[in-house]
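Asks: One structure coming up, written as structure tokens, with questions to follow.
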Amino acid sequence: MGKRRGTIALPAVQRTGHGGVEARHVRGRWTLPSFAFLASVSLVLVPVIDPTAAFAMIGEPMVVSAPGVVVEPSQTVTAGDAQLAVDRAQFGVTKLQVRAPAVGKPDPGTAKAIAYDMVLARGWDEAQYACLVSLWERESHWNVNAHNARSGAHGIPQALPGSKMASVAADWETNPATQITWGLGYIAGRYVNPCGAWTSSEQRGWY
């Protein structure tokens, strides 16, 4: 055999069943079509996507999307029986809140009726009132005299200790309006709104 003067890179070959030789490219069979598809999609999307969109979303309410989750225009997310509300918290932080089942308007003259008027007066809606109803139903069954002898929590909002409600009025032990006023102030300061407090109660068992 003669001396080789150089080497030449050839495509990979494979023998056929008839004794012939078939050249094969080392590159995967879908590489070129895939590249062409991605290039064409990129050309189409460039004028559509606003490159500043990511910056414009900073500080805006968060929208969550997942399989089986429906995002409604009111920023309410429904997943099965659970209902979540996208709500802006303090300092512009957005978080998910668990919504309670809807309730009707309360009977006049009841503690719930007092709370209903106070909730709306704060600018909260009936969905927030529903969260409050569920929250304090769990805490005290809306009993103005409810008292936890072990912890010292007292009243409808189960203030701990109950004497904290004296900051509203001296009749804090027996007056539902005093207790509710204190309870709503506590909720607004710590959880932003009743659904924020209800979310904490659902997650941790207390608020």
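Asks: Using the Cα centre of region 136-207 as origin and beta-carbon charges of +1 (Lys, Arg) and -1 (Asp, Glu), tell me which of His141, Asn175, Gly162 is placed farthest towards the positive end of the dipole.
Replies: Gly162
Asks: Go through region 133-202 and name the trypsin sites (Lys or Arg not before Pro) that are in a DSSP coil and have 16 or fewer other Cβ atoms within 10 Å of their Cβ. Write out the running numbers ahead of the final one.
Replies: On the way: sites: Arg138, Arg150, Lys164, Arg190; in loops: Arg150.
Hits after loop and neighbour filter: Arg150.
Asks: Follow-up. Viscosity 1.002 mPa s, temperature 20 °C: give me the Stokes-Einstein translational D for region 139-207 in µm²/s, with Rh taken as the Kirkwood radius over C-alpha pairs.
Replies: 179
Asks: Right, another one. Which of His141, His147, His154 has the fewest other C-beta atoms within 10 Å, and how do the rest follow up to the most? Can you show the working numbers first?
Replies: Values: His141 9, His147 15, His154 23.
Ranked by crowding around the Cβ, least crowded first: His141, His147, His154.
Asks: Let me know the charge dipole size of region 99-204 about its Cα centre in debye, to the nearest 20, where only the beta-carbon of Lys, Arg (+1) and Asp, Glu (-1) is charged.
Replies: Rounded to the nearest 20 debye, it is 300 debye.
Asks: List every residue whose amide H lies under 5 Å from the amide H of Ala159, counting only residues 5 or more places away in sequence or on a different chain, with H placed 1.01 Å from N in the peptide plane.
Replies: Distant-sequence amide H within range of Ala159: His154.
We did not get these values from a lab; they are worked out from the coordinates using the rules stated. Every value quoted in this text rests on a predicted model; they were computed, and no experiment measured them. Quick reminder, even Gly has a Cβ in these numbers, built from the backbone with ideal geometry, and neighbours come from all protein chains shown.
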